[in-house]
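Notes to accompany the following structure.
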Amino acid sequence: MITTRTPSDTKPQTTRQTTPQTTPQTTQAATTRASTTHASTSETTARIGRRQLNLATRHQLTTAAGVPGGTITSRTRPGGPWQRLLPRVYLLQTGPPDHRQRALAAVLYAAEPATDPLSGDTAALTGAAALALLGIRDAPYRPADVLIRAPRRLARTAEVHPLPTSLWPRTIAVSGIPSTRPVRAAADFAARARDPDRIRSALAHVVQAGWCHPQDLYAELRAARLLARPAVRAAAAELLVGVRSLAEARARDTLTATDLPTPLWNARLHAPDGTFLASPDAYWPDEGVALEVDSAEYHYTRDAWHATLRRRLRLESHGILVVSATPSMIRDTPDQVLAALRTLLTLATTRPTPPTAAPRGHQQLSLPFGH
């Protein structure tokens, strides 16, 4: 006999849901995981900061360190432990940034997010900001010119001026900051500066400080087609004849307008036994007369003033007649300076004992024609 079971005869099957029980062991494990994650995030953030002058980009914080976006926002609020220096660039400290941090922040802003910003492959400081890192006078730190690879475009800010280029130059690290070489930075500075005196002063200081040779700088300016600008060409001409400061450049302008003989600029004078004596600003070798342009900014200390006097004594002890003048004297009373030079140049031709010092290794470079 076959029996049929009706639905009413079937016992309903129920599914029992169990709630996981929280035990002290699971709570401790979760706390340990959260603590480990926080420690790892903090350690990575600190490592990035140590490598980058206490700076980090948003991409580095969120991707490499795992810092949530909300945490970044919270920490950069007024009174928070971090500061937003530029879009997507943060200073991981409460104190104000120094000039190096501002310079590196500009590079971090301009570098491609997924690359190492310190490599110098996608962003490099140039122009005035790069020269300022080298200690060049008349080169302001801000705004910072930063090279980026063309055809990439990047928004300009009050602090950063991105400059796309299709020919990527050689780069160096200055105080840990990716920068173009001094000769390229000087050319980029000259391309954007408008004050002729500032151009003359900055380019002269680059050469005087030994960051590049005047011929190399001339070649860079020529390659950039900057010699068509009168201010740049005049500065290049001054450097090739040996001028190494704005004060010397103005002195050369004054002398060029007269019928006085052409002097050597910054010639290295040696005694007969080969001992180095000094390198006067201008020197007339046939007459044994020197012009020293002594700026007040280099004589603030007693030691600096004594060094200047000792240099003059060395020159005079070897028969060299010295005219000393300040830049303001050459600017305001050039006739008096020229009169003193004329008198000494005339006297030198009649004195019985010629100077015992002589310039060695001095080369007057000529300015090539055509640019």
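Go through segment 76-126 and report how many residues are touching a Pro at 6+ places or on another chain (Cβ under 7 Å), farther than 22 Å from T63 by Cα and either open to solvent by 50 Å² or more (accessible area, probe 1.4 Å) or part of a loop (DSSP other than H, G, I, E, B) (or both).
Of the residues in that region, 1 qualify.
Take segment 260-274 and flag every residue that is on the phi > 0 side of the Ramachandran plot and surrounded by fewer than 16 Cβ atoms within 10 Å (Cβ to Cβ). Talk me through it step by step, then tell me what you get.
As a first pass, look at segment 260-274 and keep what is on the phi > 0 side of the Ramachandran plot: 266, 274.
Once the filter is applied, which keeps residues that are on the phi > 0 side of the Ramachandran plot and surrounded by fewer than 16 Cβ atoms within 10 Å (Cβ to Cβ), segment 260-274 yields only G274.
Select from segment 192-218 the residues that are surrounded by 15 or more Cβ atoms within 10 Å (Cβ to Cβ) and either in a strand (DSSP E or B) or without any contact (Cβ under 8 Å) to a residue 60 or more places away in the chain (or both) and list them in ascending order.
Selection gives P196, I199, R200, L203, A204, V207, Q208, C212, D216, L217.
Any residue at all in segment 137-157 that's closer than 15 Å to R102 by Cα, under 9 Å from the mean Cα position of the chain (by Cα) and open to solvent by 60 Å² or more (accessible area, probe 1.4 Å)?
Looking for residues that are closer than 15 Å to R102 by Cα, under 9 Å from the mean Cα position of the chain (by Cα) and open to solvent by 60 Å² or more (accessible area, probe 1.4 Å), one finds at least one in segment 137-157, hence yes.
Determine which single condition A325 fails, assuming it passes every other condition in (1) surrounded by 16 or more Cβ atoms within 10 Å (Cβ to Cβ); (2) in contact with an Asp or Glu (Cβ under 7 Å, 6 or more places away or on another chain); (3) modelled with pLDDT under 95.
All conditions are met except number (2).
The values are calculated or read from the model by the stated rules, or taken from the named source; none is laboratory data. Since this is a predicted model, take the numbers as computed values, not measurements. Neighbour counts run over all protein chains shown; Cβ positions are idealised from the backbone, glycine included. Each accessible area value is taken on the protein alone, full model and side chains, heavy atoms only, with ligands, DNA and RNA left out. Shrake-Rupley method; radii C 1.70, N 1.55, O 1.52, S 1.80 Å.
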